[in-house]
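Okay, so here's the structure we're looking at.
The values are calculated or read from the model by the stated rules, or taken from the named source; none is laboratory data. Predicted, not measured: the structure shown is a model, and the values here were computed from it. In this analysis, Cβ positions are derived from the backbone assuming ideal geometry, glycine residues included, and neighbour counts consider all displayed protein chains.
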């Protein structure tokens, strides 16, 4: 699924500059525990999270996350946005809960990153 389509489906707002809206993202992982991201996300995936601190961006870099969606309208700090831009990780803010956003994406064909399915 293309990043631009994801933003549309979750009715999100891109808050970082220079994102490739044609970037293909094959799967998504919803987590607030960054240890879960490191064990369940795959390279190039989408991360949905309600956790808003710099460790999210740092974990995303290590896990090679393609983009991050912050749920429930949570907004990262300017420092987090700058770090994400430096690392080339698009950040999106959307108002819906994680449950609703995962459901919207799944309904439109997004796969889970959970390889145990």
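Residues that are over 19 Å from residue 23 (Cα atoms) and either assigned to a strand (DSSP E or B) or in contact with a helix residue (DSSP H, G or I) (Cβ under 7 Å, 6 or more places away or on another chain) (or both) within the stretch 80-93 comprise 80, 83, listed in sequence order. Screening the candidates 36, 111 for the property of being more than 20 Å from residue 3 (Cα to Cα), modelled with pLDDT under 95, surrounded by fewer than 18 Cβ atoms within 10 Å (Cβ to Cβ) and touching a strand residue (DSSP E or B) at 6+ places or on another chain (Cβ under 8 Å) yields one hit, 36. Close contacts from the stretch 68-91, counting a first residue that is without any contact (Cβ under 8 Å) to a residue 60 or more places away in the chain and at positive phi and a second that is surrounded by 22 or more Cβ atoms within 10 Å (Cβ to Cβ) and part of a loop (DSSP other than H, G, I, E, B), with Cβ to Cβ under 8 Å and a gap of 6+ residues or different chains, come to 73/94.
Determine, yes or no, whether residue 38 is touching a residue at least 24 places away in the same chain (Cβ under 8 Å) and either within 16 Å of residue 103 (Cα to Cα) or assigned to a helix (DSSP H, G or I) (or both). Against the criterion (touching a residue at least 24 places away in the same chain (Cβ under 8 Å) and either within 16 Å of residue 103 (Cα to Cα) or assigned to a helix (DSSP H, G or I) (or both)), residue 38 qualifies.
Restricting attention to the stretch 60-79, the residues being in contact with a strand residue (DSSP E or B) (Cβ under 7 Å, 6 or more places away or on another chain), in a loop (DSSP other than H, G, I, E, B) and closer than 18 Å to residue 27 by Cβ number 3.
Conditions (1) surrounded by 16 or more Cβ atoms within 10 Å (Cβ to Cβ); (2) more than 14 Å from residue 3 (Cβ to Cβ); (3) modelled with pLDDT of 95 or more; (4) under 11 Å from the mean Cα position of the chain (by Cα), marked per residue:
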residue	(1), (2), (3), (4)
48	yes, no, yes, yes
57	yes, yes, yes, yes
61	no, yes, yes, no
74	no, yes, yes, no
85	yes, yes, yes, no
90	yes, no, yes, yes
107	no, yes, yes, no
